[in-house]
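The structure under discussion appears below in the form of structure tokens.
The values are calculated or read from the model by the stated rules, or taken from the named source; none is laboratory data. Remember, predicted model here, so these are calculated numbers, not experimental data. Because the Cβ atoms are built from the backbone with ideal geometry, glycine has one as well, and the counts that use them run over all protein chains shown. Quick note on the areas: whole protein, heavy atoms, side chains included, nothing else; ligands and nucleic acids left out. Shrake-Rupley method; radii C 1.70, N 1.55, O 1.52, S 1.80 Å.
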Amino acid sequence: MTLWWIGDIVLLVVVLPVVVYLLRGVLNAATSIVPSVDRIAQAAAAGSNDLDAVQLLLTTQDQVEKTIATAANYGGSLDVILDDARA
Amino acid sequence: MTPVLAMAAVGWVMILAAALIVAALVVYLVQVIVQLRKITKGLDETITSVGEILEKTKPLNTVVPAINQQLDAGVDLLEGLLVQKAGLVDAVGLVDGLYPGAATAGFRNFPESTELQAPRIGEVYTQGTLTLARLGREAPIAAGNPAGPALRDVERGSLAARELYPEVRQTKPQTMPRSPVIGTDAPVQYEQRDDIGAPRKRLPQPNPS
């Protein structure tokens, strides 16, 4: 009978507080993760929005090709028109 | 207390302790579940945004190297043409006039250009000439001139050119000596020479004997 009472007391005084302590720790950890995840989500969304202009690189590539082609044409003409520098 | 009642009390206390432990588990685990659901939702949004980032940056691996390749070819072309036409020394001076201090970096394809003493061409050539050269020197078109004024300032360009000429036209006088009027109705008629229109004078024939 005494052992039963000791077991009850251990259950109430030791096991229950330990369980509560551990559960509170898990809850605190989970709660602290939420704001971090929210900030990461906002940063990722902002990064995605910032990259909307990347598609314009295709236009830039096209324009660069045309510009270089035009410069090459001018260079060819200048090469014919102008004399080379004297060595 | 009889043994039966004592045993029953011990049992009830144990049941109460177990119930308290289960209740604590339920309360805390439910809150943990709620927090984990929030985390899952946030991670889903993050994964969606990261997926968008991956999708948007997909062309970078092909487009940016292609742009760089084109620009490299342009720079090689224009640097080579500049050196061929102006000579290495003047070319270095021209670039240094556009970008002060650039002479120390030199040309990519002419390593010996870093060892040259750059002439101060920027003080001689007009702004327009330097601007034309600038377009081939990895500069963004329509970028601001590091020297200050706008690139296409006509007055500045023409002033720089006028300064190369004598002082008379440089100061823009209201009246300048007019060119002489010629013709039959000219205010000043010059005496006509007799020999104009006459047969060309011939030297005397040499005596054959």
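Filtering region B:39-94 down to residues that are open to solvent by 50 Å² or more (accessible area, probe 1.4 Å), more than 23 Å from the chain's Cα centre (by Cα) and at the interface with another protein chain (Cβ under 7 Å from one of its Cβ atoms), which residue is nearest to A:T31 (Cα to Cα)? For region B:39-94, the residue satisfying everything is B:L43. The residues listed here are A:D79, A:D50, A:D84, A:D62; of these, the one that is without any contact (Cβ under 8 Å) to a residue 24 or more places away in the chain and in contact with a Leu (Cβ under 7 Å, 6 or more places away or on another chain) is A:D79. Quick check: anything in region A:34-41 within 7 Å of chain B (Cβ to nearest Cβ), open to solvent by 80 Å² or more (accessible area, probe 1.4 Å) and over 30 Å from B:V63 (Cβ atoms)? Within region A:34-41 (the criterion being within 7 Å of chain B (Cβ to nearest Cβ), open to solvent by 80 Å² or more (accessible area, probe 1.4 Å) and over 30 Å from B:V63 (Cβ atoms)), the answer is no, since none of the residues qualifies. Only residues that are open to solvent by 90 Å² or more (accessible area, probe 1.4 Å) and at the interface with chain B (Cβ under 8 Å from one of its Cβ atoms) were counted across region A:56-86, and they come to 2.
Are any residues in region A:9-53 more than 17 Å from the chain's Cα centre (by Cα) and within 30 Å of B:Q70 (Cα to Cα), and if so, which ones?
The one that is more than 17 Å from the chain's Cα centre (by Cα) and within 30 Å of B:Q70 (Cα to Cα): A:A53.
Contact annotation: residue pairs with Cβ atoms under 9 Å, 6 or more positions apart or on different chains, pairing a residue in region B:79-108 that is of a type in the set (K, R) with a partner that is in a loop (DSSP other than H, G, I, E, B), are B:K85/A:L82; B:K85/A:D83; B:K85/A:D84; B:K85/A:A85.
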